[in-house]
Amino acid sequence: MASALHAARLVAYEAAWRYDQGDAAARTAAAALSKYTGADMVQRVADMTMQLFGGAGYSRDLPIERIWRETWVVRILDGTSEIMRQIIAGNAFRSHERRNTPI
């Protein structure tokens, strides 16, 4: 869980750095990648935590039940994960075409 958090944090730092650089295309792709990575990470970590708690994790007496429910919303707010994947894929195809264009 710590490595997933660290990886998502690094992707967010890169997105912030690209934002400071001013390239609009790179900024959009980095933001989409950061949003997708962070939302995916928080959902996986909540799922792993729920697995650690077992059946007790579903009890409303523990905060993990609420956290697990609320992490699903993160994947929908400000663009669904599917839309973020489309933006990331479109950018990957465009950058591949630019690199492989004959001069």
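The values are calculated or read from the model by the stated rules, or taken from the named source; none is laboratory data. Note that the structure is predicted; figures quoted are calculated from it, not measured. Cβ sites come from the backbone with ideal geometry, for glycine too, and all protein chains shown count toward neighbours.
Summary table
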{"item": "Count of residues meeting criterion [part of a helix (DSSP H, G or I) and basic (Lys, Arg)] in the range 69-90", "result": "2"}
{"item": "Test: residue in the range 11-22 that is assigned to a helix (DSSP H, G or I), buried (at least 18 other Cβ atoms within 10 Å of the Cβ) and polar (S, T, N, Q)", "result": "no"}
{"item": "Qualifying positions in the range 1-10 - without any contact (Cβ under 8 Å) to a residue 24 or more places away in the chain and either among the small types (Gly, Ala, Ser) or outside any helix (DSSP H, G or I) (or both)", "result": "Ala2, Ser3"}
{"item": "Residue within the range 26-49 that is in a helix (DSSP H, G or I), small (Gly, Ala, Ser), over 20 Å from Ile88 (Cβ atoms) and without any contact (Cβ under 8 Å) to a residue 12 or more places away in the chain present", "result": "no"}
{"item": "The range 50-68, residues that are of a type outside the set (Gly, Ala, Ser), assigned to a helix (DSSP H, G or I) and either modelled with pLDDT of 85 or more or exposed (fewer than 10 other Cβ atoms within 10 Å of the Cβ) (or both)", "result": "Met50, Gln51, Leu52, Phe53, Pro63, Ile64, Glu65, Arg66, Ile67, Trp68"}
{"item": "Sole residue being buried (at least 18 other Cβ atoms within 10 Å of the Cβ) and either modelled with pLDDT of 85 or more or touching a Gly at 6+ places or on another chain (Cβ under 6 Å) (or both), chosen from Thr28, Thr71", "result": "Thr71"}
